[in-house]
1. Considering the stretch 182-217 alone, what residues qualify as being without any contact (Cβ under 8 Å) to a residue 40 or more places away in the chain and surrounded by fewer than 24 Cβ atoms within 10 Å (Cβ to Cβ)?
2. Please go through the stretch 233-278 and pick out each residue that is under 19 Å from the mean Cα position of the chain (by Cα), open to solvent by 50 Å² or more (accessible area, probe 1.4 Å) and hydroxyl-bearing (Ser, Thr, Tyr).
3. Just one of the numbered conditions (1) within 24 Å of VAL330 (Cα to Cα); (2) under 14 Å from the mean Cα position of the chain (by Cα); (3) not basic (Lys, Arg) is not true of ALA32; which one?
4. Can you tell me which of (1) surrounded by fewer than 20 Cβ atoms within 10 Å (Cβ to Cβ); (2) within 16 Å of the ligand (Cβ to nearest atom) is the one LEU94 doesn't meet?
5. Return the residue satisfying two criteria in turn: it lies in the stretch 160-199 and is more than 16 Å from the ligand (Cβ to nearest atom) and among the basic types (Lys, Arg), and of such residues it is modelled with the highest pLDDT.
6. Here's a check for you: in the stretch 59-91, which residue that is in a strand (DSSP E or B) and open to solvent by 10 Å² or more (accessible area, probe 1.4 Å) is nearest to the ligand (Cβ to nearest atom)?
7. Is it true that LEU26 is more than 12 Å from the ligand (Cβ to nearest atom), surrounded by 19 or more Cβ atoms within 10 Å (Cβ to Cβ) and touching a residue at least 24 places away in the same chain (Cβ under 8 Å)?
Amino acid sequence: MKTLETALVGVPRVHLASLPTPLERLERTEAAWGHPGIYIKRDDLTGLGPGGNKLRSLEFLAGHALQEGKDTLIAAGPVQSNLCTLTAAACAKLGMACALVHNGDRPARLEGNLLLNHLLGAESYYLGEATAEERSEFVERLAKEMEEGKEQKAASGCTISDGVLPVGKHPYIIRNGATTGRGALGYVNAVPELARQFAFSDEKPTIFAPGGNGGVASGLIYGNAAQGFPFRIVVLSVEDDRETMEANIRRTIGEIEEILELPMGCSLEDACVLDDSYRGGGWGEATKESVRMVEEFPRREGIMIENVYNSKVLVGMEDYIRRGLAAGPVCYLHTGGFGSLFAQF
Ligand SMILES: *Cc1c(COP(=O)(O)O)cnc(C)c1O
């Protein structure tokens with residue numbers, strides 16, 4: 001019978017992240033929240049650049065790109081995109097060229113992730129005010145012109161800065177913020193890693209994870225089901241309403257099933273809890289509670305969190321614990337984002 005581990009063996013992948021990332025106990029938070037058994041999975045410590053969840057996805061995406069003979073990665077996102085910075089770090093390590101496309105303007109002073117992108121040698125395109133659709137069109141055009149060896153005309157009308165890595169000719173586009181079936185394999189693969197780390201536990205741990213585009217969530221949910229449910233998974237949206245998030249996750253899990261040729265084997269409803277109660281105004285919109293947590297948590301644990309993904313999930317996790325909705329061990333999945341923290345205040 002095909003198992004998760006045999007299905008993953010044939011999938012192209014490169015080594016980028018320091019794995020396994022640590023699983024640690026948050027003893028002072030246990031005391032503060034009155035709940036024994038609170039853990040943190042330190043995916044902020046994946047090792048390259050500022051670290052973070054996207055490095056797990058990039059192992060599979062860059063692996064695919066290299067297998068296809070590509071020499072350049074193109075990623076897109078808002079100026080403080082964590083995906084963009086980790087793509088730049090991956091390219092540096094792999095000797096690939098990197099083009100980053102931002103909707104937004106180049107600030108006079110490069111701060112946060114933009115500073116890191118510059119130091120990592122990526123070429124950055126700033127489109128000014130642009131919709132996600134316009135940004136995607138630009139990326140497609142840029143890739144086409146690179147492939148044709150043309151001067152990059154797609155760049156006209158936008159600011160370009162800082163390309164120091166060699167310009168490539170064979171670009172690979174990282175689509176949808178790395179939330180694709182292939183990108184989500186990073187978190188499929190994280191489930192057996194985490195299950196080994198929790199082997200000591202007699203009770204089933206509950207994992208609290210963020211839901212942005214839903215890539216992390218899809219990988220975890222699918223991997224957990226395929227492994228026979230070592231965990232309960234709670235996904236807290238930081239972006240979309242529940243229905244939208246659910247549709248994104250459903251689509252991405254479908255893509256995973258296609259790549260691995262292994263069905264998840266149960267319904268999404270039976271496999272996880274999806275909750276949009278803590279997202280406030282959505283992506284990048286802080287809530288009163290998230291602003292409190294972004295200071296409270298590092299002062300208690302010495303671990304930095306940022307205010308777009310990390311703090312909202314911790315707010316939700318605390319609320320679940322206080323309302324008695326999370327019996328037994330609980331684990332916060334820290335997805336990183338350290339670079340963007342410096343531009344959030
Ligand atoms: C992208 C990102 C996420 C969310 O991942 P999705 O797969 O889009 O849901 C969570 N945390 C951080 C720090 C991220 O950069």
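The values are calculated or read from the model by the stated rules, or taken from the named source; none is laboratory data. What you see is a predicted model; the values in this text were computed from it and never measured. Note that we place each Cβ from the backbone using ideal geometry, even for glycine, and neighbour counts take in every protein chain shown. Quick note on the areas: whole protein, heavy atoms, side chains included, nothing else; ligands and nucleic acids left out. Shrake-Rupley method; radii C 1.70, N 1.55, O 1.52, S 1.80 Å.
1. Let us first name the residues in the stretch 182-217 that are without any contact (Cβ under 8 Å) to a residue 40 or more places away in the chain, namely 195, 199-200, 202, 213-214.
Matches in the stretch 182-217: ALA195, ALA199, PHE200, ASP202, ASN213.
2. Of everything in the stretch 233-278, just one residue is under 19 Å from the mean Cα position of the chain (by Cα), open to solvent by 50 Å² or more (accessible area, probe 1.4 Å) and hydroxyl-bearing (Ser, Thr, Tyr), namely THR244.
3. Looking at each condition in turn, ALA32 falls short on (2).
4. Failed condition: (2).
5. Once the filter is applied, the top-ranked residue is ARG196.
6. PRO78
7. yes
The rows are residues; the columns are (1) under 11 Å from ALA184 (Cβ atoms); (2) out of contact with any strand residue (DSSP E or B) (no Cβ under 6 Å at 6 or more places or on another chain); (3) polar (S, T, N, Q); (4) modelled with pLDDT of 95 or more.
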| residue | (1), (2), (3), (4) |
| --- | --- |
| GLY215 | yes, yes, no, yes |
| ARG232 | no, no, no, yes |
| LEU236 | no, no, no, yes |
| GLU258 | no, yes, no, yes |
| VAL273 | no, no, no, yes |
